[in-house]
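J.: I'd like to ask some things about the structure below.
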Amino acid sequence: MSEFRLSTTVISQEGDRLYTFEYAALVTETSTIVIEQYVQVGLIEPIGSMLRSREIARIAQIQRLRQDLGVNLVGAVMVLDMAQEIAQLRARLKALQS
């Protein structure tokens, strides 16, 4: 069995922990090729060749929607974008009610 070594965690200028595509592929049970495709079509936004944890979470959510619910890639992205918009609207509504 070959040993899988993860790069040292990098901290961005903004203070975010950044992770390699290899780490993201490992924790999302996908491949670096899929992650690179997601980057190419704009589904996730890397910082250089590294990813924030929120991008890794987005990959996992896309994968879950596709595998568990059979949603195609475009549909999965639409679901995630709408969920994010709903969360933002709820936060704005809560702020206005305060």
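J.: So, R0 is 25 Å and r is the distance between the beta-carbons of ARG64 and GLN88; what FRET efficiency does that work out to, to 0.05?
T.: 0.70
J.: How much length, in nm to one decimal, is gained on full extension between VAL39 and LEU26, taken as 0.36 nm per residue of separation minus their Cα-Cα distance?
T.: 3.0 nm
J.: At a 10 angstrom cut-off on C-beta neighbours, averaged per residue, how do the peptides 43-54, 80-91, 18-29, 65-76 rank from highest to lowest?
T.: Most protected by this proxy first, the peptides run 18-29, 43-54, 65-76, 80-91.
J.: When the dipole is taken about the Cα centre of the chain, and only Lys, Arg (+1) and Asp, Glu (-1) are charged at their Cβ, what size is it in debye, to the nearest 20?
T.: Value, rounded to 20: 400 debye.
J.: Can you compute the modelled spin-label distance between ILE11 and SER98, with each label point 7 Å from Cα toward Cβ, in nm?
T.: Between ILE11 and SER98, the simple spin-label model gives 2.8 nm.
J.: Helix-derived [θ] at 222 nm for the chain: sum -39500 (n - 2.57) over DSSP H runs of at least 4, divide by residue count, nearest 500?
T.: The helix contribution divided over the chain gives -19500 deg cm²/dmol.
J.: At what distance in nm do the modelled label points of SER49 and VAL74 sit from each other, each positioned 7 Å from its Cα along Cα→Cβ?
T.: Once both label points are built, they end up 3.3 nm from each other.
J.: Taking only protein heavy atoms into account and a 1.4 Å probe, give the accessible area per residue of the chain in Å².
T.: 74
J.: I'd like the carbon and sulfur percentage of the solvent accessible area for region 19-98, probe radius 1.4 Å, heavy atoms only, ligands and nucleic acids excluded.
T.: Taking all protein chains in place, region 19-98 shows 54 percent carbon and sulfur surface.
J.: Looking at LEU96, VAL41, GLN13, which one has the Cα that reaches farthest to the positive end of the dipole of the chain (charges on Cβ: Lys, Arg +1; Asp, Glu -1)?
T.: LEU96
J.: By the scheme Lys and Arg +1, Asp and Glu -1, what is the net charge of all other residues having a beta-carbon under 13 Å from that of ILE86?
T.: Residues near ILE86 contribute +1 overall.
J.: Next question, about the same structure. Cα convex hull of the chain: mean projected area in nm², to one decimal?
T.: With the hull built on Cα positions only, its mean projection is 8.5 nm².
The values are calculated or read from the model by the stated rules, or taken from the named source; none is laboratory data. For clarity, every value in this text was computed on a predicted model and none was experimentally measured. As a convention, Cβ positions derive from the backbone with ideal geometry for all residues, glycine included, and neighbour counts pool all protein chains shown. Note: areas computed on protein heavy atoms with side chains; ligands, DNA, RNA excluded. Shrake-Rupley method; radii C 1.70, N 1.55, O 1.52, S 1.80 Å.
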